[in-house]
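The next block holds one structure in the form of C-alpha cells; read it before the comments.
The values are calculated or read from the model by the stated rules, or taken from the named source; none is laboratory data. The shown structure was predicted, so the numbers you read here are calculated from the model rather than taken from an experiment. Counting neighbours? That spans all protein chains shown, and the Cβs are built from the backbone with ideal geometry, glycine included. Keep in mind that these areas ignore ligands, DNA and RNA; they rest on the heavy atoms of the full protein, side chains included. Shrake-Rupley method; radii C 1.70, N 1.55, O 1.52, S 1.80 Å.
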Amino acid sequence: MKYLRNLMTVAVCLIASFASQAQEYDVVTLDSEVLNEQRQYQVLLPENYSATSQHYPVIYRLDGAGNIPLMKEVLGRLREGNAAPDVIIVAIENTDRLRDMYPTVNQDRNGPVGVGGGAEKFLAFIEQELIPDVEKRYRAHSTRIIAGASAGGVFSLYAMQQSPGLFDAHIAYSPAVWWNAGAMVERTKQWLSTQPATPTYVYMNMGNEGLPMRPYYDELLTAFATHNNRHIKLVVEQHPGVSHGLTSAAGIFNAYQSFFLSKEFARENVTSDMQVIDGYYRQLGEQWGIEPTPPEATVRQLGYYFDWQQQPELAMTLYKHNMSHHPQNPDAISGVVYGYEGQGNLDQALNFAKKALAVAVKEHPYYDYFVDNVARLENKIKETEKGE
C-alpha cells in the first residue's frame, strides 16, 4: 500500500511538472490555406517579455515543442554568458513530417518509396502564413533562425536555397541528405555553382551514421569546400560515437554560440581604432535587436587588461572612448581616473575622480569608493608635493 501511495505521489508530481511546462508555452492554431489543413505551433517567450518593449530574434524549430526544454536551457546559459540574446522560440508541430520536410519524392529503396515532395508548399506556409502570424502576435525582431534535425535538417538547407534571406541562419543537425539518392546534395551543388550572394550562416553536424547517409553527407561537405563562398559562414562538426538521434543535443551549444555575436568584445581584435569596436556593436545590435552602444563594463575591462599588459596608451584610448559613450556613468569615468593615475598624472586623475563622484548616486553599490577615491588622490598629491 505504501508503495502504491509513493508511486501515485511520483505520478502526480510528474503530471504537475509536465502541466507546468506546457503552460509556459503559447499554443496557436492556424487554418492554413496553403496546406489546406490546420497547423499548430507553440511559442516560448523570454521570461522578461511582458516587462519590456524589446523585439526579439526568433528561432523557428521544426519537429515541435519537444525540442523547447533543451533549447531553453542551452540558450539560457549562453545568454547568462553574454553569448546570446533573449529569443522567442517557435516550435512547429508536425502533421505529415516526411511529406513536408523533403523537397522531392523518394525513389531510393533504402527509404519509404513514394513519399515526400511537399517542402515547397511547407515553405510557402512558413513564409506566407506562419511568420506573418508570429510577427503580428509577438514583438519579433528581424533576425530569424530555422533549425531542424534529419529530415528537418534537409528542409533547413532547402529553405536557404529556395528563399534566400528569409532566415539569417540555417541549422541542420545530421541532415538526411541520402533521401532520394542524394537529391539535396545535387541541388546544393547547383545552388553553390551560382555563387549565391545573400549572406547566411549554416551549421551542420553528423554523428556515427554510416551507409547510406555518410557518403552523401561527405559529398555535400566537399561541395561547400569546392565552392567556397564568402557570403556563407559554414560551421561543421563531427561527433564520433553519437547516434543520429542525439546529434541535435550534441550540436545545439555550438550551433548558436557560433552564430550569435558575443557581447564580450575579443581582446585580440582590439586596435587603436575605436571604430572597430563601435562597428562590432552596431552589428551586434542589429543581430540581437538591442541598443548598439558598446557595454560600459566590457570596454572598461578591456582598458584594465591592456593597462596590465603594459600598454597604457591603448588602455587610455579605451577608457576615454568608453566615457564618450557613457559620459554620466561614474564607472566609465573611474576608468579614466585609473588610466591617469597609472600614468602618474595625479591632477587629472583627481579631476576625473571628482567628476565620477559628482554623477554617482548614493544608491550606487560603490558610492563609498568614489568618495574614498577623491580623498585618497588628494592625500597622494599632498604627499607627492611634500616629497618635492
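Considering only beta bridges that DSSP places wholly inside the chain, some 30 percent are antiparallel. Value of Rg to Rh for the stretch 160-319, rounded to two decimals, is 1.10; Kirkwood radius and Rg both from alpha-carbon coordinates. Taken over the C-alpha atoms, the stretch 133-200 has Rg and Dmax values of 13.3, 42 angstrom.
Here His326 sits with roughly 40 square angstrom of accessible surface, probe radius 1.4 Å. The stretch 277-316 to the stretch 113-186: how many Å between their Cα centroids? Their Cα centres are 36 Å away from one another. Rounded to the nearest 20, the size of the Cβ-charge dipole of the chain about its Cα centre is 500 debye, with Lys and Arg at +1 and Asp and Glu at -1.
Residue-normalised convex hull volume from the C-alpha trace of the stretch 302-388: 88 Å³ per residue. Taking Cα extents along the principal axes in Å as calculated from this structure, the corresponding entry among (i) 60, 53, 38; (ii) 101, 48, 40; (iii) 94, 66, 42 is (iii). Excluding ligands, DNA and RNA, the accessible surface per residue across the chain is 50 Å² with a 1.4 Å probe. Ordering Val115, Tyr173, Ser156 by Cα displacement along the dipole of the stretch 108-182 toward the positive end leaves Tyr173 in first place; charges were set at the Cβ atoms of Lys, Arg (+1) and Asp, Glu (-1). Helix 2-23 and the longest principal axis of the Cα set of the chain meet at an angle near 80°. Can you work out the base-10 log of I(q)/I(0) for the stretch 53-212 at q = 0.12 1/Å, using the Debye formula on its C-alpha atoms alone? The Cα Debye sum returns log10 ratios of -0.54. For Gly64, the shell of other residues with beta-carbons less than 15 Å away shows a net charge of -2, using +1 for Lys and Arg and -1 for Asp and Glu.
For Trp288, the solvent-accessible surface with a 1.4 Å probe is about 10 Å², rounded to the nearest 10. Computed from point charges on the beta carbon alone (+1 for Lys and Arg, -1 for Asp and Glu), the dipole magnitude for the stretch 25-68 about its Cα centre is near 140 Debye. Taking trypsin sites (Lys or Arg not before Pro) across the stretch 162-233, the ones in a DSSP loop with at most 11 further Cβ atoms lying within 10 angstrom of their Cβ are Arg230. Relative to the longest principal axis of the C-alpha atoms of the chain, give the angle of the C-alpha long axis of helix 213-226, reported between 0 and 90° and rounded to the nearest 10°. The angle comes out at about 50 degrees.
Histogrammed with a bin width of 5 Å, the alpha carbon distances of the stretch 241-295 distribute as 4, 17, 21, 16, 13, 9, 9, 7, 4, 1 percent, first bin at zero. The long axis of helix 247-257 is offset from the longest Cα principal axis of the chain by roughly 30 degrees. For the stretch 57-158, a simple Cβ point-charge model (Lys and Arg +1, Asp and Glu -1, everything else neutral) yields a dipole of about 160 debye relative to the Cα centre. Taking the charge dipole of the chain about its Cα centre, with +1 at Lys and Arg Cβ atoms and -1 at Asp and Glu Cβ atoms, the residue from Gln311, Phe224, Tyr56 reaching farthest to the positive side is Phe224.
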